[in-house]
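Engineer: Can you keep this structure in mind? I'll have questions shortly.
Throughout, read-outs are computed from the coordinates displayed, never taken from laboratory work. Predicted model, so just to flag it, every value in this text is computed and none were measured. Quick reminder, even Gly has a Cβ in these numbers, built from the backbone with ideal geometry, and neighbours come from all protein chains shown.
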């Protein structure tokens, strides 16, 4: 009797993946984009005309899209070579607001920058603002901030439409150019700290790269209702409470250090135990005579280190750095384990006994 046949598993012939519009290239909680179905859009043609209608589908491999001028109109296939920019008119919006939490805005200060594209056919410039970009073989995807930096409008520019693209610096990157980046500059900034006049909070926010100038102008133009500027910015979701504390310290004269460029002294790093440095979010930078210069995101962090000042054998001098760069530097230094000797000294049983 022949053995019973074992049937092959059924294979679904439908594609496993369908094309989806790229998501913005930064962390931001937002509601899910509209999936299948028609999406309102605007198409700008090579001759300068603009037409609105509905986007039905995109075929990146074929460099074409399906479009209709109205909900009752006939669908047409439009090659990418026929237009210079496609804009989806329904923006991505923030995720639903949670109780007691400010609405989550896009990180404009860190991501928003100008773009300039030179069009292939005419040589004209296509310009605008975008929150990051994604470039693929078929197109350049842009993400314009709209609705007061609360939402994102998605755009597609075919690769065939432009011959050259340029992107400017973000507000954070512009500010970072003026942050302290060398030991000599830091010593000079510390010497000037007590003589530096107190500046407006808005100026500190721009110098720190926490806000764009447009965001600050909008905030200053709104009624204050007797609330300080910093509190209004926190309530609006434009600024975190931690960043506000950093800005308040900076306006009082604390220097700001760019940890991406500043050369950290390995000897300074070993002056504090790693666990204590991480707990206080404090990064030793350099030794300057009798003091240990430490980067914190706000001076109150040093309260956790006062008990270790005797361990360091040096007076602690705080300077400012951004929170995420301090954490990144600590993580990198922790992998190299420059605190190994100090950690060993703190372990029970390390010190020799008399028995």
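Engineer: Just want to confirm a number: the relative contact order over the chain, from Cα pairs under 8 angstrom separated by 6+ residues, in percent.
Structural biologist: Averaging sequence separation for qualifying contacts and normalising by length gives 11 percent for the chain.
Engineer: Same structure again: Using just the Cα positions, wrap the stretch 94-144 in a convex hull and report its mean projected area in square nanometres, one decimal place.
Structural biologist: Seen from a random direction, the Cα hull of the stretch 94-144 projects 5.0 nm² on average.
Engineer: How far apart, in nm, are the 7 Å Cα→Cβ label points at residue 302 and residue 72?
Structural biologist: It is 7.3 nm.
Engineer: Let me ask you something else. Would you calculate a helix-derived [θ] at 222 nm for the chain, using -39,500 (n - 2.57) for each DSSP H run of n ≥ 4 and dividing by the full residue count, to the nearest 500?
Structural biologist: Estimated from H runs of four or more residues: -6500 deg cm²/dmol.
Engineer: Checking the a/c ratio against 1.5 first, then a/b against b/c, what shape does the Cα gyration tensor give for the stretch 197-252?
Structural biologist: Since a/c stays below 1.5, the shape of the stretch 197-252 is classed as rounded.
Engineer: Can you tell me the 0 to 90 degree angle between the C-alpha axis of helix 241-251 and the longest principal axis of the chain, rounded to 10?
Structural biologist: 60
Engineer: Now, a different point. Stretch residue 231-residue 270 to full length: gain in nm at 0.36 nm per residue minus the Cα-Cα span?
Structural biologist: 10.2 nm
Engineer: In addition: At a Förster distance of 25 Å, what's the computed FRET efficiency of residue 252 paired with residue 169, Cβ-Cβ distance as r, to 0.05?
Structural biologist: In this case the efficiency is close to 0.40.
Engineer: Then there's this: How large is the convex hull of the Cα atoms of the stretch 65-197 per residue, expressed in Å³ as a whole number?
Structural biologist: Cα-based convex hull of the stretch 65-197, divided per residue, equals 198 Å³.
Engineer: Taking 0.36 nm per residue of separation and subtracting the Cα-Cα distance, what length does fully extending residue 159 through residue 81 add?
Structural biologist: Here the answer is 27.2 nm.
Engineer: Something else: How much length would be gained if the chain were fully extended between residue 184 and residue 103, taking 0.36 nm per residue of separation minus their Cα-Cα distance, in nm to one decimal?
Structural biologist: Taking residue 184 through residue 103 to full extension adds about 25.0 nm, to one decimal.
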